[in-house]
Amino acid sequence: MDIIITNRVQVNNRRKTKVKVPSAKTADPLKGKSEKHYLDSYSNGETEEEPPEEPPSRSITFSNLSNLEEEPPGKTVIGRYRLFDDISDKFWNDWKWQFQNRITSINQLGQFIPLSSEEKAQLQLVVRRYPLSITPYYLSLINPDDPDDPIRKQSVPSVLEMTMNTIGLEDPLAEKEDSVVPGLVHRYPDRALMVLTDICPMLCRHCTRKREWRNGGWVRTEGEMEAMLDYLRRNEVIRDVIISGGDPLTLSTSRLESIISRVREIGHIEIIRIGTRFPAVLPQRIDNELCAMLSRYGPIWLNTHFNHPREITPEAEEACDRLLRSGIPVNNQSVLLRGVNDNVETMLKLCQGLLRIKVRPYYLFQCDEVQGTEHLRTPVDVGLKIIEGMRGHTSGLAVPNFVIDLPQGGGKVPIQPDYLLRHNQDELVLRNYEGKVFHYRNPDSNECRGEAVAPASGIVDRFLVVA
Ligand code: SF4
């Protein structure tokens, strides 16, 4: 792990003097790599032919940042022009440039966000265990003057990751135990999860797979990929395949296509789902080439991960729009996080903002009990109160399912505020979102089954027979 961190730091230090954009020759830098060290192939660009552009030296100021919170979602003028004003549109809109220039060391981070020497020293220790990776795009959404900024909390390491590290488990969902072949998790009868890589453009501080970060990054080999596909071919009960990671969209479009096309060839697989946080942390990745490729292998559903309304930027909206126009429905899976979205107002803004960009708020996950994330977890009651505060106060479409993913692979369980006060065979007593109490007649179960109910006279009353 340390070697990889060192490499990243070296690579990104190089960025300060020279920015290289992958050329067509290196468009698929992962292809042919066995497992590891492809991060460097993204980063060092040694075989590149295009003349690198030299960004002018930057002067970073932290002024004019105090009004970020007030800006309405979807209209936020991102901090690109404050922090990256020397970067041309060509680079900024190139997802490979963004990926290559991720902020991966505390010293780099200190150029953008004020950090005291003490903080720097503490965070250097944190990233040895839990590395750091933030795209320039996502960094530009942070208000560097606010230590409690919700975008910062998701991306910038905290010393609490180490001081509270004894709480929780490395793999609370027991994902390793459900792997049938390396990379393929088959927990539910009709669904399977393909984990193609452990690389992500950003390392979210609340990640359930934080344990994988120390492995330094890998992509499944062609042999491993074939073994997964072979299992899928042989198990005809599987009708739904989730392609995830890490983030599978870190693979090049051509590499992804070679995998997705082979999954699509399997007759009994009806649905392909892709789990990715790119629309929120590096929306430039959702380009026309990717969308055109995905549109060839539908039905494909894409699940993404927005946690805060300030993530719904014009760039994110465009990315989701491109997917939708390509026939890819987009659902959102938020994680409930302390200091990020743990109140009704923020979740309302987030979910209503998602609906505005035609993304369905699907799940709100209780943050898993993962080591190094305890400081971001909230009591379950907080989630229940949020759902209670949303239900009835906005369209039902905007209300996600609040879900706990049970430990030891118990699966997802929806948790709802209790609207059913009591019930018996004849009646239910319910409260509505305003707390008013209502009585609801419970239909007779015999009528429901279509059985004739004979009145006392013995004559069947046809009006009681329900077809
Ligand atoms: S994108 Fe998902 S898998 Fe990757 S670090 Fe974030 S939460 Fe973890």
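The values are calculated or read from the model by the stated rules, or taken from the named source; none is laboratory data. The model shown is predicted, which means the values in this text are computed figures rather than measured ones. All Cβ positions, glycine included, derive from the backbone under ideal geometry; neighbour counts span all protein chains shown. To get the accessible areas, we keep the full protein, side chains included, count just its heavy atoms, and leave off ligands, DNA and RNA. Shrake-Rupley method; radii C 1.70, N 1.55, O 1.52, S 1.80 Å.
A few points about this structure:
- Rounded, prolate or oblate (a/c below 1.5 giving rounded, otherwise prolate when a/b exceeds b/c) for the stretch 113-262 by Cα gyration tensor: prolate
- Heavy-atom accessible surface of Phe112, to the nearest 10 Å², is about 0 Å², with a 1.4 Å probe and all protein chains retained.
- Burial order of peptide ranges 228-239, 266-277 (average beta-carbon count within 10 Å, highest first): 266-277, 228-239
- Subset of Lys176/Lys210; Lys153/Lys210; Lys349/Lys412; Lys96/Lys120 violating a 18 Å alpha-carbon distance limit: Lys349/Lys412; Lys96/Lys120
- Interchain or long-range residues, amide H under 5 Å from Val370's placed H: Leu169
- Accessible area per residue in Å² at 1.4 Å probe, computed on the stretch 353-414: 41
- Listed values for the stretch 389-397 are Karplus-derived 3J(HN,Hα) couplings in whole Hz (6.51 cos²θ - 1.76 cosθ + 1.60, θ = phi - 60°), namely x, 9, 4, x, 9, 8, 4, x, 4, and x replaces Gly and Pro.
- For the stretch 123-132, the Karplus equation 6.51 cos²θ - 1.76 cosθ + 1.60, evaluated at θ = phi - 60°, returns couplings of 5, 4, 6, 4, 6, 5, 8, 10, x, 10 Hz by residue, with Gly and Pro reported as x.
- Here the Karplus relation 6.51 cos²θ - 1.76 cosθ + 1.60, evaluated at θ = phi - 60°, turns the backbone of the stretch 319-333 into coupling constants of 4, 5, 4, 4, 5, 4, 5, 8, x, 10, x, 10, 10, 10, 10 Hz, with x for every Gly and Pro.
- Accessible area per residue, Å², the stretch 160-243 with all protein chains present, probe 1.4 Å: 41
- Between the alpha-carbon centres of the stretch 131-169 and the stretch 384-400 there is a gap of 28 Å.
- Amide hydrogen neighbours beyond the local backbone of Asn332, cut-off 5 Å, H modeled: Thr304, Arg360, Tyr362, Tyr363
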